[in-house]
Every structure is written in C-alpha cells, then in structure tokens.
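Below is one structure, written out as structure tokens; comments come after it.
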Amino acid sequence: MIIETQELPPIGTNAIALLDTERKECVVIDAPADAFEWASGLAERYGCRIVALVLTHGHWDHMLDGWKFVQQGIKTYGHAEDRILFGEPSRMANFAIPGLELKPVEIDEWVAQGHKLELLGRQLEVRHVPGHCPGNVMLYSEDEAAAFVGDAIFAGSIGRYDLPGGDFAVLEKSIREQIYSLPDATTIYPGHGPTTTVVAEKQSNPFVRP
Ligand SMILES: [Zn+2]
C-alpha cells in the first residue's frame with residue numbers, strides 16, 4: 001500500500017491517500033480545500049480510482065472538499081456523533097474563516113468503535129477517539145503499522161478540547177486507551193503537522209502521559 005499525505009489550505013490540514021496499484025483503488029482520508037483535485041491527480045498518476053472518503057471528524061477544515069467526492073458518487077464514511085457537523089457545517093462558522101462557504105457532506109456509512117472497514121482488500125479498524133470533538137475516529141492498519149488519527153493527537157501535542165463538544169478528560173482517555181495501546185512502532189498520521197510514532201508520543205508527549 002502506498003501512503004501519500006498532503007498539507008492543504010486554508011489552515012494546513014492533512015489529506016491522506018492510501019493507494020493499491022494492484023487493485024487500482026485509492027482511499028482518501030479527510031478532505032481539506034483542494035483535496036479532491038490533489039487526490040484525483042494522484043489516483044490518475046497511479047492508475048487508481050477513488051473508492052472511498054473517510055472523514056476522521058466533522059470539523060470544517062477536514063471536510064471543505066467533501067461535497068466534490070459526494071458529487072462523484074464516492075462512498076463517504078463518518079461517525080454519527082458528528083452527524084450535525086457533517087450535515088450543518090455552518091454551525092462551526094464562528095470558528096472558521098469568515099466568508100468561506102461550508103457545504104454539508106452526506107455520509108453513506110456510519111462507522112463506530114471496532115468496525116472493520118474492508119477497503120483496498122484489507123481491514124482497516126475503526127477506533128473512536130472523542131475528546132477533540134464527539135465523533136473523532138481513527139483508522140488503524142495493523143499490516144501497515146499505521147494509524148490515521150484525525151485531530152486526537154499530534155507530534156508533541158494534542159487536539160484542541162476547547163471547541164464545542166471538546167473535553168480534555170475524554171481526549172486523555174481516548175489517547176491512552178486507543179492510541180498508546182497500539183504497538184510502539186506504529187506510525188501516527190495526524191490531521192495537522194508531521195507524522196510521529198506511538199513510542200515517541202508515549203515517551204515525550206507533554207500533554208498526555210501513558
Ligand atoms: Zn478538528
């Protein structure tokens with residue numbers, strides 16, 4: 001599996017593409033602005049078609065381009081605890097950039113803790129990691145030793161918990177139980193900033209100690 005990441009506008013949110021050139025399929029995780037163009041170009045270069053968009057959570061900067069995927073009939077996934085944010089992203093307009101058009105994203109399949117998504121001929125495990133917002137999920141691939149965590153944890157930092165629906169105690173529990181419990185060598189792909197590893201965060205993350 002090929003993993004490509006790209007930081008995209010307007011506030012530096014990571015889009016991630018998982019590509020399998022044998023199956024000729026591509027799965028996209030999160031859709032900041034320009035994510036559709038970026039992922040389409042990438043998929044074309046690898047001779048793949050985009051088969052799924054997984055939204056780690058319903059914050060506007062992760063779903064700005066989501067409607068373009070929907071328009072192309074690409075299947076979308078999200079957690080029902082963020083249903084309102086996916087359906088009415090304008091509720092977060094006070095926290096977004098003024099004047100930005102925030103379009104709703106229709107979710108085709110609601111995911112939850114323990115679900116195993118069959119994508120790219122592999123199993124991607126869904127883990128629910130609320131605290132940054134109620135519906136933040138992560139995808140974990142044991143085969144690839146990779147965790148795509150949205151805004152739960154960052155290299156040396158953690159997600160904001162002061163936004164509506166945020167809660168530090170809940171976030172701390174999510175990180176300890178769902179992320180720090182992964183094998184040490186697992187690469188963490190956060191929604192913002194560089195990748196890190198489980199062991200690096202367990203050893204030095206100043207906000208949540210194991
Ligand atoms: Zn967020």
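Filtering the stretch 101-125 to residues that are within 19 Å of residue 59 (Cβ to Cβ) and either within 15 Å of the ligand (Cβ to nearest atom) or free of Cβ contacts under 8 Å to residues at least 24 places away in the same chain (or both) leaves 101, 102, 105.
Among the candidates 164, 130, which residue alone is touching a helix residue (DSSP H, G or I) at 6+ places or on another chain (Cβ under 9 Å) and surrounded by fewer than 20 Cβ atoms within 10 Å (Cβ to Cβ)?
On the way: 130 fails: surrounded by fewer than 20 Cβ atoms within 10 Å (Cβ to Cβ).
When all the criteria are applied, what remains is 164.
Yes/no matrix, rows are residues, columns are (1) at pLDDT below 95; (2) under 11 Å from the mean Cα position of the chain (by Cα); (3) not basic (Lys, Arg):
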site: 138; (1), (2), (3): no, yes, yes
site: 142; (1), (2), (3): no, no, yes
site: 146; (1), (2), (3): no, no, yes
site: 150; (1), (2), (3): no, yes, yes
site: 158; (1), (2), (3): no, no, yes
site: 164; (1), (2), (3): yes, no, yes
site: 168; (1), (2), (3): no, no, yes
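Scan the stretch 92-106 for residues that are farther than 19 Å from residue 35 by Cα and surrounded by 16 or more Cβ atoms within 10 Å (Cβ to Cβ) and report the count. Residues that pass the stated criteria total 1.
Residues being assigned to a strand (DSSP E or B), closer than 25 Å to residue 194 by Cβ and touching a helix residue (DSSP H, G or I) at 6+ places or on another chain (Cβ under 6 Å) are represented in the stretch 14-25 by at least one member. Return yes when residue 149 is in a strand (DSSP E or B), of a type in the set (A, V, I, L, M, F, W, C) and either touching a residue at least 60 places away in the same chain (Cβ under 8 Å) or within 15 Å of the ligand (Cβ to nearest atom) (or both) and no when it is not. Here the answer is yes, as residue 149 does meet what is asked.
Taking the stretch 26-51 as the range and being touching a helix residue (DSSP H, G or I) at 6+ places or on another chain (Cβ under 7 Å) and of a type in the set (Val, Ile, Thr) as the test, the residues that pass are 28, 50. Could you go through the stretch 173-195 and let me know if any residue there is within 24 Å of residue 9 (Cβ to Cβ), assigned to a loop (DSSP other than H, G, I, E, B) and over 15 Å from the mean Cα position of the chain (by Cα). The answer is no; no qualifying residue exists.
Would you point out the residue of the stretch 38-47, among those that are without any contact (Cβ under 8 Å) to a residue 40 or more places away in the chain and either touching a Ser or Thr at 6+ places or on another chain (Cβ under 6 Å) or not hydroxyl-bearing (Ser, Thr, Tyr) (or both), that is farthest from the ligand (Cβ to nearest atom)? If you could, list the steps in order and put the result at the bottom.
Step one: list which residues in the stretch 38-47 are without any contact (Cβ under 8 Å) to a residue 40 or more places away in the chain, which gives 38-45, 47.
Among the residues that remain, those that are also either touching a Ser or Thr at 6+ places or on another chain (Cβ under 6 Å) or not hydroxyl-bearing (Ser, Thr, Tyr) (or both) are: 38-39, 41-45, 47.
On the way: 38: 19, 39: 19, 41: 25, 42: 23, 43: 25, 44: 29, 45: 29, 47: 33 Å.
Here the answer is 47.
Scanning the stretch 50-91 for residues that are at pLDDT below 95 and crowded, with 20+ Cβ neighbours inside 10 Å returns a single hit, 89.
Conditions (1) within 18 Å of residue 121 (Cβ to Cβ); (2) of a type in the set (Ser, Thr, Tyr), marked per residue:
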| residue | (1), (2) |
| --- | --- |
| 3 | yes, no |
| 10 | no, no |
| 21 | yes, yes |
| 30 | no, no |
| 35 | no, no |
| 40 | no, yes |
| 43 | yes, no |
| 46 | yes, yes |
| 51 | yes, no |
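Scanning the stretch 152-164 for residues that are aromatic (Phe, Trp, Tyr) and outside any strand (DSSP E or B) yields a single hit, 161.
I'd like the residue in the stretch 48-59 that is in contact (Cβ under 8 Å) with a residue 40 or more places away in the chain and under 12 Å from the mean Cα position of the chain (by Cα) and, out of all such residues, is nearest to residue 2 (Cα to Cα). Reasoning before the result, please.
Quick first cut of the stretch 48-59, residues in contact (Cβ under 8 Å) with a residue 40 or more places away in the chain only: 51-52, 54-59.
If we keep only those that are under 12 Å from the mean Cα position of the chain (by Cα) as well, we get 54-59.
Working: 54: 17, 55: 19, 56: 19, 57: 23, 58: 26, 59: 26 Å.
Among residues in the stretch 48-59 that are in contact (Cβ under 8 Å) with a residue 40 or more places away in the chain and under 12 Å from the mean Cα position of the chain (by Cα), the one nearest to residue 2 (Cα to Cα) is 54.
The values are calculated or read from the model by the stated rules, or taken from the named source; none is laboratory data. All values derive from a computational prediction rather than experimental measurement. When we count neighbours, we look across all protein chains shown, and the Cβ atoms used for this are built from the backbone with ideal geometry, even at glycine.
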